[in-house]
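The block underneath contains the structure these notes are about, expressed in structure tokens.
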Amino acid sequence: MTLLATPAGKFFDDFIIGETLQHGVPRTITEADSILYIALTGSRFSLHCAQTVASAAGFNKMPIDNFLLFHIAFGKTVNDVSLNAVANLGYAEVVFTRPVFAQDTIAVTSEVIGLKENSNGKTGVVYVKSTATNQRNQPVLSFKRWVMVHKAKGAAVTGINQLPELAAAVAIEQQHKPEQLDIQGWQPWFSDNQRTARDFNVGDTMFHRDGITINDSDHSMATRMYQNNARVHFDQHMMNDSKHGKRLVYGGHIISLCRALSYNGFGNALWLTAIHGGSHCNPSFVGDTIYAQSTITDIDLTLQDQGLAKVRINLLGIKNNQPSNMDSLYTETAGRKSYHSDVVLDIDYSVLMPL
Amino acid sequence: MTLLATPAGKFFDDFIIGETLQHGVPRTITEADSILYIALTGSRFSLHCAQTVASAAGFNKMPIDNFLLFHIAFGKTVNDVSLNAVANLGYAEVVFTRPVFAQDTIAVTSEVIGLKENSNGKTGVVYVKSTATNQRNQPVLSFKRWVMVHKAKGAAVTGINQLPELAAAVAIEQQHKPEQLDIQGWQPWFSDNQRTARDFNVGDTMFHRDGITINDSDHSMATRMYQNNARVHFDQHMMNDSKHGKRLVYGGHIISLCRALSYNGFGNALWLTAIHGGSHCNPSFVGDTIYAQSTITDIDLTLQDQGLAKVRINLLGIKNNQPSNMDSLYTETAGRKSYHSDVVLDIDYSVLMPL
Amino acid sequence: MTLLATPAGKFFDDFIIGETLQHGVPRTITEADSILYIALTGSRFSLHCAQTVASAAGFNKMPIDNFLLFHIAFGKTVNDVSLNAVANLGYAEVVFTRPVFAQDTIAVTSEVIGLKENSNGKTGVVYVKSTATNQRNQPVLSFKRWVMVHKAKGAAVTGINQLPELAAAVAIEQQHKPEQLDIQGWQPWFSDNQRTARDFNVGDTMFHRDGITINDSDHSMATRMYQNNARVHFDQHMMNDSKHGKRLVYGGHIISLCRALSYNGFGNALWLTAIHGGSHCNPSFVGDTIYAQSTITDIDLTLQDQGLAKVRINLLGIKNNQPSNMDSLYTETAGRKSYHSDVVLDIDYSVLMPL
């Protein structure tokens, strides 16, 4: 009997600037993914719920929810990028290039675009740009993310410090309207006669009222559906010895819950074009009840003649608490936010919304 | 920053007799809904499990289970009708007009057919007739239901008292056989060689033996799949302060569990034609084990020449107990049933069953 | 009111050697089953995840995972074979004859091939050979299994003792390569550039590192998806009085978890051809974290010219523990294994693996 080493993921020292990683296990996204996503998150954005709505909006088939697409694409990168991550530090420049439909197959590559060794000599930050393509090799999504990764035991200290360019936001002109999308046939009742872009102003803030409590199987199934194999989400035996003694809920599940909750008020936030950045401010665990609050931070009228606005939204996730009971969700000092311990998510994204 | 009010649903005073509400978020029902329904409820009614069975029974495609259809249609009405409900009081005249197949899209409207203010001046009962149509605008399902809804704070007392007609049962001639259904090719082994209509008599009662324990994610996922957004099912943080301190399991999930359990004995109860009425006698919570008992209350032979009977069944759901350990499931005084505290469901429905 | 007896399954005395049981509720397997299987088990074997991968491997459509097929076929037999089982004792000669694709419908029959009354006069062992066929009546899977079943109360002691032939292993020539499968187009990145057959030697052992904690709904949903209606998995109220006081996790779910975990290291174990035998050494419960270890026990080169090896693998499942903390997983005396109390699974199977 020979004991073979188990594939254990890359350490900081294994990454090379400019290298492209072709991630394994491409994935055909199916209508079952869409239904399971609804069942796991409670999403009700109608473009992804009804063929009649999709048709009225110019699509031949219901498009896949871009948040679902993001989680599947992100999941593909975990095995090569973040299996030995200490922490997922952030993402930026998440751009949705092209809609994806049931039966499309997604493959994902990541280019290493930055490396910064930490002064402790034990960890470093890896920056990658990941690109998801469909079966016709057309890009459908790209994003940058950075993670703090362990150095291998005994690896030499190199002091490497090559930082990539990271835009503070996805430019308006990079926020793509799907070519099929034609909002002329859109009916207000599709989304419960909710506010459209002309009913919002920059600075408008809404607490979305509903809460959703996280169950064990909810987040586990979602994370497995995304084929994200980070151990912290699944292995309670290992996590018994961790700081919180509990499995961590995948941050992407929190994003999807908050987004689903935001339907109540922002139901016309139809089409995700970009995620500018996001922080998982505090961890979430089974049993936490998640609430959400949105603030409009920009309304762009470039597509006005097509009846659409590009609306930028700051979405905050809160656990077991409500803004009305909290002095503030965060304080800001020199551009740096310090969050209330009940805030679990701060995400900055843009959508197309009917005017 | 401007705080916007969150859509909070209609209060009693917002409803107008004769008004029709077009509910948001139409829904394409898919084969994934059918599979998830099986996974969540344990249903084994073979017409909805196998294309070969559906074909033998005259269908080109497997029809969607009418209970699944009902829950999806019901879910659509929650946002406009019962978001501020104190209690779902009942339903009647649930009629399945036409079969639904995977890829059909359901939209639902509700007409306000009755309003009765309660003497306390704080609540009232709203009666609606809801109709679900497919993408060809053909009605597939209609039902009446009534809910007790809060009056808005400070709303004037009107003393309105307009009650609708509610039939005690769906008439035999309104119990539709799908035109495709042809039972000649039906094989007894499809449904485990169980009793057919000729083996039953009015008054026959069967306890279905199997039990099913409710897990957190089971009922949450089912309720989200139906896009029923009533807060009591999802928000534990809010429910901590409620009478039971726990999230309530959606009553429709209990119906589906009892129906699924009834397969063991009533496996030939093929096609749901009508629900005459139903009560959720007591609440169910996570951890409860549900059992079921059925009694035949009518066997109609109008379709005898087609090899079918219209069989009326009274299905009772019981939690954490069995009839043999209970003096009685209910007592009846002047037509009013008083239930044992372990009885959670009393539903009166009709099916087509091979003779 | 007449109380009818509930169908209660067969007792030992009800089985007749040579008799063929046609199991109820045939099942159309859909792409939703595949996605739900991924969500419930975390499986990442890429042939079942991406149409592009399936096409590159010669298939027109993604084939259904043979483990998923096995569980569905097994589930069909429970109602007639093992509803009154004391224990599932084993299975052998599990042969996958033909690939199954989404939309195929599976029906299952079982022939009674052996009966052995136990000396206690209260139970007996029933041996069956089950065969699953598709809608063209082509066999897709066959297997033998044996279960200890209660005798009916008061049934006569017969001393019957007719044992079937049970092969110790499925012969190499009975391990079928699907005719479509052509590995020439296989890309190493499909399966994360993992070891292929030429990188393995008989005796190689790998602990797969990842662990997966079982949640209530995970195993319940999987078992219901397979329409396996054995009561011990679902009825907590009944199980309160059992030895462990808890619902038992369906052993097949443990097989699938271990198989999914084995992707990390054995990701090229592409196509299940046979299960030679298996034991559920100890029960698993909700909250247990499952780990897996594989050992290569044979590498057959019969299909070398097609770029494939037939690799035999011994897969062990462990709960809440790791081999490095255990003196041994089992000890063997006279061909009989005695397992560590944390070992929950010992399964012996063969796959096709690229060379």
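The values are calculated or read from the model by the stated rules, or taken from the named source; none is laboratory data. None of these values were measured; they are calculated from a predicted model. Cβ coordinates were reconstructed from backbone atoms using ideal geometry, including for glycine residues, and neighbour counts include every protein chain displayed.
Assorted remarks:
- Members of the stretch C:249-269 found to be over 16 Å from the mean Cα position of the chain (by Cα) and either at pLDDT below 95 or not hydroxyl-bearing (Ser, Thr, Tyr) (or both), listed by number: C:264, C:265, C:266, C:267, C:268
- In the stretch C:269-276 there is at least one residue that is within 13 Å of chain A (Cβ to nearest Cβ), in contact (Cβ under 8 Å) with a residue 24 or more places away in the chain and either assigned to a loop (DSSP other than H, G, I, E, B) or under 25 Å from residue B:219 (Cα atoms) (or both).
- Residue that is surrounded by the fewest Cβ atoms within 10 Å (Cβ to Cβ), among those in the stretch A:91-106 that are in contact with a Lys or Arg (Cβ under 8 Å, 6 or more places away or on another chain) and within 14 Å of chain C (Cβ to nearest Cβ): A:101
- Apart from one condition, residue B:221 fits all of (1) under 21 Å from residue B:194 (Cβ atoms); (2) in a helix (DSSP H, G or I); (3) in contact with a helix residue (DSSP H, G or I) (Cβ under 6 Å, 6 or more places away or on another chain); the exception is (1).
- Among (1) aliphatic (A, V, I, L, M); (2) within 14 Å of another protein chain (Cβ to nearest Cβ); (3) free of Cβ contacts under 8 Å to residues at least 12 places away in the same chain - the single one residue C:326 does not satisfy: (3)
- Checking every residue in the stretch A:178-191 against the condition of being of a type outside the set (Phe, Trp, Tyr), facing another protein chain (nearest Cβ under 7 Å) and surrounded by fewer than 22 Cβ atoms within 10 Å (Cβ to Cβ) gives zero matches.
- Filtering B:84, B:118, B:137, B:161 for residues that are on the phi > 0 side of the Ramachandran plot and more than 17 Å from the chain's Cα centre (by Cα) leaves a single hit, B:137.
- Taken over the stretch C:196-217, the residue count meeting the criterion of being closer than 25 Å to residue C:34 by Cβ and more than 7 Å from every other protein chain (Cβ to nearest Cβ) is 2.
- Meets criteria (in a strand (DSSP E or B) and either within 16 Å of residue B:277 (Cβ to Cβ) or touching a residue at least 40 places away in the same chain (Cβ under 8 Å) (or both)) for residue B:78: no
- The residues listed here are C:34, C:55; of these, the one that is among the hydroxyl-bearing types (Ser, Thr, Tyr) and over 26 Å from residue B:40 (Cα atoms) is C:55.
- Complete set of residues in the stretch C:81-90 that are surrounded by fewer than 22 Cβ atoms within 10 Å (Cβ to Cβ), under 24 Å from residue C:274 (Cβ atoms) and not small (Gly, Ala, Ser): C:88, C:89
- Test: residue in the stretch C:208-217 that is more than 30 Å from residue C:246 (Cβ to Cβ) and crowded, with 19+ Cβ neighbours inside 10 Å: no
- Restricting the stretch B:235-254 to residues that are within 13 Å of another protein chain (Cβ to nearest Cβ) and outside any loop (DSSP other than H, G, I, E, B), the residue that is surrounded by the fewest Cβ atoms within 10 Å (Cβ to Cβ): B:238
- Residue match in the stretch A:320-335 (condition: surrounded by 17 or more Cβ atoms within 10 Å (Cβ to Cβ) and part of a strand (DSSP E or B)): no
- Restricting C:114, C:154 to residues that are more than 30 Å from residue C:58 (Cβ to Cβ) and either free of Cβ contacts under 8 Å to residues at least 40 places away in the same chain or part of a loop (DSSP other than H, G, I, E, B) (or both) narrows the list to C:154.
- Filtered by the rule that a residue be outside any loop (DSSP other than H, G, I, E, B) and within 7 Å of another protein chain (Cβ to nearest Cβ), the stretch B:15-26 gives a lone residue, B:22.
- Restricting the stretch B:142-183 to residues that are at pLDDT 95 or above and of a type in the set (S, T, N, Q) leaves a set whose member that is farthest from residue B:84 (Cα to Cα) is B:180.
- Residue match in the stretch B:50-62 (condition: at positive phi and more than 9 Å from chain A (Cβ to nearest Cβ)): yes
- Residue within the stretch C:218-228 that is under 26 Å from residue C:48 (Cβ atoms), at the interface with chain A (Cβ under 10 Å from one of its Cβ atoms) and in contact with a Phe, Trp or Tyr (Cβ under 8 Å, 6 or more places away or on another chain) present: yes
- Conditions (1) out of contact with any Pro (no Cβ under 9 Å at 6 or more places or on another chain); (2) more than 14 Å from every other protein chain (Cβ to nearest Cβ); (3) farther than 17 Å from residue C:95 by Cα: number failed by residue C:172: (3)
- Any hit, the stretch A:30-49, residues being at the interface with chain C (Cβ under 10 Å from one of its Cβ atoms), under 19 Å from residue C:267 (Cβ atoms), surrounded by 24 or more Cβ atoms within 10 Å (Cβ to Cβ) and among the charged types (D, E, K, R): no
- Scanning the stretch A:27-74 for residues that are part of a loop (DSSP other than H, G, I, E, B), in contact with a Phe, Trp or Tyr (Cβ under 8 Å, 6 or more places away or on another chain) and of a type in the set (Ser, Thr, Tyr) yields a single hit, A:43.
- Selection status of residue A:12, more than 13 Å from every other protein chain (Cβ to nearest Cβ) and either over 16 Å from the mean Cα position of the chain (by Cα) or at pLDDT below 95 (or both): yes
- Any chance residue A:341 is buried (at least 22 other Cβ atoms within 10 Å of the Cβ) and part of a loop (DSSP other than H, G, I, E, B): no
- Check on residue B:123, among the polar types (S, T, N, Q), more than 30 Å from residue C:137 (Cβ to Cβ) and more than 14 Å from every other protein chain (Cβ to nearest Cβ): yes
- Residue within the stretch B:128-139 that is over 18 Å from residue B:96 (Cβ atoms) and charged (D, E, K, R) present: no
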